[in-house]
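Here is the structure we will look at.
The values are calculated or read from the model by the stated rules, or taken from the named source; none is laboratory data. Just so it is clear, the structure is predicted and the values come from calculations on it, not from any experiment. Here Cβ is always computed from backbone atoms with ideal geometry, including for glycine, and neighbour counts include all displayed protein chains. The protein model used for the area step is the full one, side chains on, heavy atoms only, and it has no ligands, DNA or RNA in it. Shrake-Rupley method; radii C 1.70, N 1.55, O 1.52, S 1.80 Å.
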Amino acid sequence: MKMLIAGEWIDASDAIEVRNPYDNSVVDTVPKADDAAIAKSLDFAVEGAKVMRKTSGYERYEWLMKAAHLMGERKEDLARTLTMEEGKTLTESRGEIDRSIQTMIGSAEEAKRLGAEVVPLDGAPGSGNRIGFTMRVPCGVVVAISPFNFPMNLVCHKVGPGLAAGNSVLLKPATDTPLSASSSVRFCSRPAYLQLASR
């Protein structure tokens, strides 16, 4: 497995072994990001945030729906990966993948709804005939750190809304379960918008 840094899937000199909790066998290895890789991914994410800020809600909706669709097509493979690295039963893993798909669909739908609100300001003396408004704007770079217990769905709970709101995302998955995170990133990444680094 590789990590996504500055739009490229790369390796590193140091690796983290991902072990099956059932028999302690090595399932795979993932590169361990060094300080230089993290700095490079943050710089790239800052540039990606500028690009994302300009995307329409509909474009973000389409990307996230495509990710949900690809996850559905590869559900069985994702469930097996999740079972091997996390130790859940295959039935539990399939359930988590289903929930992850729904999380991405929900994020996609919200990408089309993020906007502005008009608020009447006539609730205080002297403020009649006035209105205020709020606008939702992307915050820039979302740094997401995911836990191990629901590694696919909790990654989707961070990546989906982050991208839906027009941000770039730097994801640091749990060290015990980075393979599921890497799989989900492959489905919804655009080079400038999403980074993945294990540490």
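What trypsin sites (Lys or Arg not before Pro) in the range 25-100 are in a loop by DSSP, with at most 16 other Cβ atoms within 10 Å of the Cβ? Within the range 25-100, the qualifying trypsin sites (Lys or Arg not before Pro) (loop, at most 16 other Cβ atoms within 10 Å) are K54, R74.
Among (i) 34; (ii) 43; (iii) 57, which one is percent of Cα pairs over 24 Å apart computed from these coordinates? The value matching this structure is (ii). Among the listed pairs K40/K112; K88/K158; K75/K158; K112/K158; K88/K112, those with a Cα-Cα distance over 27 Å are K40/K112; K88/K112. Roughly what angle does helix 178-188 make with the longest principal axis of the chain, taking Cα atoms, 0 to 90 degrees, to the nearest 10? It is inclined by approximately 50 degrees. Probing with 1.4 Å while keeping every protein chain in the model, the per residue accessible area of the range 5-73 equals 59 Å². In the distance distribution for the range 128-180, Cα-Cα pairs more than 19 Å apart total 40 percent.
Treating each Cα of the range 1-41 as one equal point scatterer and applying the Debye formula with no solvent, the log10 of I(q)/I(0) at q = 0.13 Å⁻¹ comes out as -0.32. The accessible area of D122, taken with all protein chains in place and a 1.4 Å probe, comes to roughly 100 Å². With both labels modelled 7 Å from their Cα along Cα-to-Cβ, the R53 to V119 distance reads 2.3 nm.
Nonpolar atom fraction for the chain, defined as the carbon and sulfur part of the 1.4 Å probe accessible area, stands at 54 percent.
Based on the Kirkwood approach, the hydrodynamic radius assigned to the range 58-151 is 16.5 Å, with every pair of different Cα atoms included. For the chain, what is the mean residue ellipticity at 222 nm derived from helices alone (per DSSP H run of n ≥ 4: -39500 (n - 2.57); sum divided by total residues; nearest 500 deg cm²/dmol)? The helix contribution divided over the chain gives -16000 deg cm²/dmol.
Apply 1/(1 + (r/R0)^6) to the Cβ-Cβ distance of K66 and D14, taking R0 = 35 Å, and write down the FRET efficiency to the nearest 0.05. That gives a FRET efficiency of 0.60.
Put L114, L90, L171 in order of accessible area, highest first, and with a 1.4 Å probe you get L114, L90, L171. Positive end of the dipole of the range 15-110 (Cβ unit charges, origin at the Cα centre): among S56, A36, T91, the Cα lying farthest that way belongs to S56. May I ask for the angle, rounded to the nearest 10°, between helix 151-164 and the longest principal axis of the chain, with both axes built from Cα atoms and the value confined to 0 to 90°? Approximately 30 degrees, to the nearest ten. Length available on full extension from V26 to D98: 0.36 nm per residue minus the Cα-Cα distance, which gives 23.3 nm.
For the chain, find the longest principal axis of its Cα atoms and tell me its angle to the long axis of helix 90-113, 0 to 90°, nearest 10. Around 30 degrees separate the two axes.
A probe of 1.4 angstrom, applied to the heavy atoms of all protein chains, finds W63 with accessible area near 50 square angstrom. Taking every Cα-Cα distance in the range 1-104 and sorting them into 10 Å bins starting at zero, the pair-distance distribution P(r) comes out as 13, 28, 37, 21, 2 percent. Overall, the chain carries a charge dipole of about 640 debye about its Cα centre when +1 sits on the Cβ of Lys and Arg and -1 on the Cβ of Asp and Glu, all other atoms neutral.
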